[in-house]
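First up is the structure itself, then whatever we jot down about it.
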Amino acid sequence: MKILYDPVSKGFYDRKLHKSNVPSDAIEVTEEKYKQLLEGQAQGKFIISDKQGSPILSDRPELTIDKLATRKRREIENALVAALAAGLPYTMPDGTEDTVQMQAEDRQNLLGLAIEARDLKGTGETGTVQEFRAKSNTRYPMTPDQVIAMTDAALAHYKALLQQSWDRKDAIDAALEAGDREGIEIVVW
């Protein structure tokens, strides 16, 4: 088998298989070198061209500082999404540990419950007239005051997660502006 490498397309070709579609500047590569290159690629290395156009293995190229900052911002955004998906661990009125879900649709539900609880409290209602379904799918009967306490805790949790996200992104932006690559790399959720 005769293997050829084209430094322009960065592709390997076989004359028998590709026939007339082999680029004219393709360079012959030994089968041993070809296997070595593929093994290196499987281990996370990159196949690039040297100055003569021959294929060689290289470590992953370092990201530009702008791309690193973009990647870090994305990591922070993904961590925020994961934290919201995990919800707020909360002790329900009966003492059961459960989770208040924090996805966008859940926050809308919590807002509705909070408004209803405040309205009920305004009329003097103190009984367990509301119900909340937690992540476990368990229904918890609650008083308006208990609903208010839970929804206030959920709102505070949501605000804290947003603030953590904003603080991390601000740190990334400040490090980027200062040209501080290490300052960007150390930012974690």
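Here is how the numbers come out for the structure above:
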item: Options Tyr140, Tyr90: the member that is touching a residue at least 60 places away in the same chain (Cβ under 8 Å) and either touching a His at 6+ places or on another chain (Cβ under 7 Å) or of a type outside the set (Gly, Ala, Ser) (or both); result: Tyr90
item: Some residue of region 37-46 being in contact (Cβ under 8 Å) with a residue 24 or more places away in the chain and either surrounded by fewer than 11 Cβ atoms within 10 Å (Cβ to Cβ) or of a type in the set (Asp, Glu) (or both); result: no
item: Of the criteria (1) more than 30 Å from Thr143 (Cβ to Cβ); (2) touching a residue at least 24 places away in the same chain (Cβ under 8 Å), which one Leu110 fails; result: (1)
item: Residues of region 117-132 that turn out to be acidic (Asp, Glu) and either part of a loop (DSSP other than H, G, I, E, B) or surrounded by 15 or more Cβ atoms within 10 Å (Cβ to Cβ) (or both), as a count; result: 1
item: Of the criteria (1) within 17 Å of Leu162 (Cβ to Cβ); (2) among the polar types (S, T, N, Q); (3) touching a Lys or Arg at 6+ places or on another chain (Cβ under 8 Å), which one Gln103 fails; result: (3)
item: Test: Asp173 is of a type outside the set (A, V, I, L, M), at pLDDT 95 or above and over 13 Å from Val100 (Cβ atoms); result: yes
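Quick grid of which residues meet (1) modelled with pLDDT of 95 or more; (2) out of contact with any strand residue (DSSP E or B) (no Cβ under 7 Å at 6 or more places or on another chain):
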residue	(1), (2)
Glu97	yes, no
Ala104	no, yes
Asn109	yes, yes
Leu113	yes, no
Ala117	yes, no
Lys121	yes, yes
Gly124	yes, yes
Gly127	yes, yes
Arg133	yes, no
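The values are calculated or read from the model by the stated rules, or taken from the named source; none is laboratory data. Computed from a predicted model, the values in this text were never measured in an experiment. Don't worry about glycine lacking a Cβ; one is built from the backbone with ideal geometry, like all the others, and counts go over all protein chains shown.
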